[in-house]
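This report refers to the structure that appears directly beneath it.
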Amino acid sequence: ALAGTEVRLSGIASLNARLGALAALAKEHDLGVERIEPGTPTETPLALRVPVRIEAKGGSPGAIRFMAALRRAFPDVAIETFAVEREAGHAGAAVPTTVAFDLVWYADRAGEAPATAAADQAIDAAER
């Protein structure tokens, strides 16, 4: 998916910042994030593939707007799956809805080297 594109990838060290930005984008589209959880990164030939699960409360229109905004704001994030579940026993247009997104963030492996090197240096210094 990344081959032949001009997408600039952020380093894996910025994972927490990316999770915060994803949560903020969801909030902008009337989704109340209840859980955001990164998975274990895996290697691909071009980048690290980081799964991210988001579970939120909100309506279908907000979920649709979030997905559209996600593609514009974060071209390095892919939507693998999404689900919308309306809670039973409610009538009318304002039915509580749970939405879940399984995303993949493609991160630059190069971003992990400086952090690892700095951690190694700190450990070496502490052991002296």
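Data table
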{"item": "Table column - 3J(HN,Hα) (Hz), the range 44-60, Karplus curve with 6.51, -1.76, 1.60, x for Gly and Pro", "result": "10, x, 10, 6, 8, 9, 10, x, 9, 9, 10, 10, 8, 9, x, x, 4"}
{"item": "Mean Cβ count within 10 Å, highest first, over the residues of peptides 35-41, 59-65, 46-52", "result": "46-52, 59-65, 35-41"}
{"item": "Percent carbon-and-sulfur accessible area, the range 1-73, ignoring ligands, DNA and RNA, probe 1.4 Å", "result": "55 percent"}
{"item": "From phi via Karplus (6.51, -1.76, 1.60), per-residue ³J(HN,Hα) for the range 100-106 in Hz, x at Gly/Pro", "result": "9, 10, 9, 10, 10, 9, 8"}
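The values are calculated or read from the model by the stated rules, or taken from the named source; none is laboratory data. These figures come from a predicted structure and were not determined experimentally. Every residue, glycine among them, receives a Cβ derived from its backbone with ideal geometry; neighbour counts consider all protein chains shown. Quick note on the areas: whole protein, heavy atoms, side chains included, nothing else; ligands and nucleic acids left out. Shrake-Rupley method; radii C 1.70, N 1.55, O 1.52, S 1.80 Å.
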